[in-house]
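Since the structure comes first, as structure tokens, the remarks are kept for the end.
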Amino acid sequence: MMSTKILEIENLKREFIVGEEVVRALKGVSFTVNSGEFVTIMGSSGSGKTTLLNILGCLDKPTDGKHFLDQVNIRGLNKNELAEIRNKKIGFVFQAYNLLPRTTALENVELPLFYNKAISSKERKERAIEALRAVKLEDRVYHLPNQLSGGQQQRVAIARALVNEPVMILADEATGNLDTRTSYEIMALMQDLNSRGKTIVFVTHEPDIAAFSHRTIFLRDGIIQKDVENNDKKSATDLIAALPKADNF
């Protein structure tokens, strides 16, 4: 059976004019991500990682090159069409959680569905509860963010990313604010979601986090330095079991 290409990037370039200078943030990046893959993108500060992430998330457009998401040519779209693609096809997970502070976990997860007029308030609530169940937070539905630990807040953010049933989850340093155990618990959740067919593109600068994915793309100075299969893929669940015992988060 042919794998479906969820993401197709070809000779992608992004240039910025800074004063008199042209800054070439991306210098011709090409790769594909198939349905059901779990890919990490690694690179140090200044590698072009953030620029690439903004383009993959349809927040920015390339200067040149091809960008297809779920067979849709992204380069030809206007602002409104890009917003619709972001809302329907991409689930974002950020380092800083980005939850609304005075809003329950349930209401935070419901947010992306408010833009979809075809969904009733009853269905919106049902889908949000189902997403919270998928991240094992069904007992925290009515908690506010300040009543949740960092790991639980990130789980709410992941549930919010899932609620629209996107074709791709795009995570930006999603374990960056978490301790080792909680990071591994988030990665165990990502591996579980991936095992159920979710396509994940996870940006990180931490090699131990990249070891949980199928494949890692290394960026440096705006080009792909290497794109390698992870033959020694780690199980986050196994690594959690090997950690010293601690209180549950």
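Read-outs throughout are calculated quantities, based only on the coordinates presented, and are distinct from any laboratory measurement. All values reported here derive from a predicted model rather than from experimental measurement. Positions of Cβ are generated from backbone atoms using ideal geometry, with glycine treated the same way; all protein chains shown enter the neighbour counts.
How would you rank Val141, Val39, Val72, Val228, going from fewest to most other Cβ atoms within 10 Å of each one's own Cβ?
Working: Val141 17, Val39 24, Val72 14, Val228 11.
Exposure proxy ranking, most exposed first: Val228, Val72, Val141, Val39.
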**Approximate spin-label separation Lys66-Lys117, in nm, with each point projected 7 Å along Cα-to-Cβ** = 3.5
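R0 = 35 Å: FRET efficiency of Ile240 with Glu20, Cβ-based, nearest 0.05?
On the way: r = 52 Å, r/R0 = 1.48.
Once rounded, the FRET efficiency stands at 0.10.
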**Message:** What number results when the radius of gyration of the chain, computed over Cα atoms, is divided by 2.2 N^0.38 Å?
**Reply:** 1.02
**Asked** If we sort 83-91, 120-128 on the protection proxy, mean other Cβ atoms within 10 Å, highest first, what's the order?
**Response** 83-91, 120-128
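Net charge near Ala83, counting Lys/Arg +1 and Asp/Glu -1 over other residues with Cβ under 15 Å of its Cβ? Walk me through the numbers before you get to the answer.
On the way: positive: Lys61, Lys79, Arg86, Lys88, Lys89, Lys117; negative: Asp60, Glu81, Glu84.
Spelling it out: positives minus negatives among the neighbours equals +3.
What ranking do Ser213, Ser149 get, fewest neighbouring Cβ atoms within 10 angstrom at the top?
Ordered by Cβ neighbours within 10 Å, fewest first: Ser149, Ser213.
Rank by packing, highest mean first: peptides 163-173, 195-205, 109-119, 9-19, with packing defined as the count of other Cβ atoms within 10 Å averaged across residues.
Values: 163-173: 21.2, 195-205: 19.2, 109-119: 16.0, 9-19: 14.5.
The peptides rank, most packed first, as 163-173, 195-205, 109-119, 9-19.
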**13 Å beta-carbon shell around Ser213, net charge (K/R +1, D/E -1)** = -2
**Prompt:** Per residue, what volume in Å³ does the convex hull of the Cα atoms of segment 21-140 enclose?
**Reply:** 169
**Prompt:** Cross-link list Lys61/Lys88; Lys13/Lys117; Lys136/Lys234; Lys49/Lys198; Lys49/Lys233: which exceed 25 angstrom alpha carbon to alpha carbon?
**Reply:** Lys13/Lys117
